[in-house]
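Everything below concerns the one structure shown next.
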């Protein structure tokens, strides 16, 4: 039965039936003999067929199994799945909210596991992974600001600051990401203020406290 579903998945990809391909993935994940490694293969096949939404769905399903004790794990590291899914989302229009979801997950998993365990304990490799997420969160925040999506811009930049803060100290005694973390926090507050002006609605007390907290954090 699983082989039949797999064949139908490939047929749907060739027919450019993305919804059908996603449905096949959902059906296969419910099979008793399902192997999560199929999701990795499915994402590669979907990318080859330029079915990026299907590839993102497959990687999202794989991510869901990274923290599930009842499922066997994939050979692909969690941070690699996050990065690959984010790269694909950047090639799709109007998927900023989905990108935020992935970056929030990376931030939360970093807090839960520690930066070294998530991104890698080798200084060069792990550092590059961490900087990749920090820089992409920054770039997405700047783009959202230019597009006048100020609320998204503020959140992207706040996330960027958390990644930059996790970068280890450089040889000069100053954290490589310290300056960028400070800039990210200040621009995040600027985004919150611009969102207030754009909406003509006053910031809530909660948002005001958050803005003050971010500025205080930047000052440290």
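The values are calculated or read from the model by the stated rules, or taken from the named source; none is laboratory data. A quick note: this is a predicted structure, and the numbers were derived from the prediction, not measured. Using ideal geometry, Cβ is built from the backbone for each residue, glycine included, and neighbour counts are taken over all protein chains shown.
Numerical summary
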{"read-out": "Filter pass, residue 33 being touching a helix residue (DSSP H, G or I) at 6+ places or on another chain (Cβ under 9 Å) and at pLDDT 95 or above", "value": "no"}
{"read-out": "Any hit, region 196-210, residues being touching a residue at least 24 places away in the same chain (Cβ under 8 Å) and on the phi < 0 side of the Ramachandran plot", "value": "yes"}
{"read-out": "Residue 132 vs. criteria surrounded by fewer than 19 Cβ atoms within 10 Å (Cβ to Cβ), touching a residue at least 12 places away in the same chain (Cβ under 8 Å), under 17 Å from the mean Cα position of the chain (by Cα) and within 19 Å of residue 96 (Cα to Cα)", "value": "yes"}
{"read-out": "Qualifying residue in region 149-168 (condition: loosely packed, with under 15 Cβ neighbours inside 10 Å, over 25 Å from residue 87 (Cβ atoms) and touching a helix residue (DSSP H, G or I) at 6+ places or on another chain (Cβ under 8 Å))", "value": "no"}
{"read-out": "Subset tally (residues that are modelled with pLDDT of 95 or more and over 16 Å from the mean Cα position of the chain (by Cα)) for region 45-69", "value": "8"}
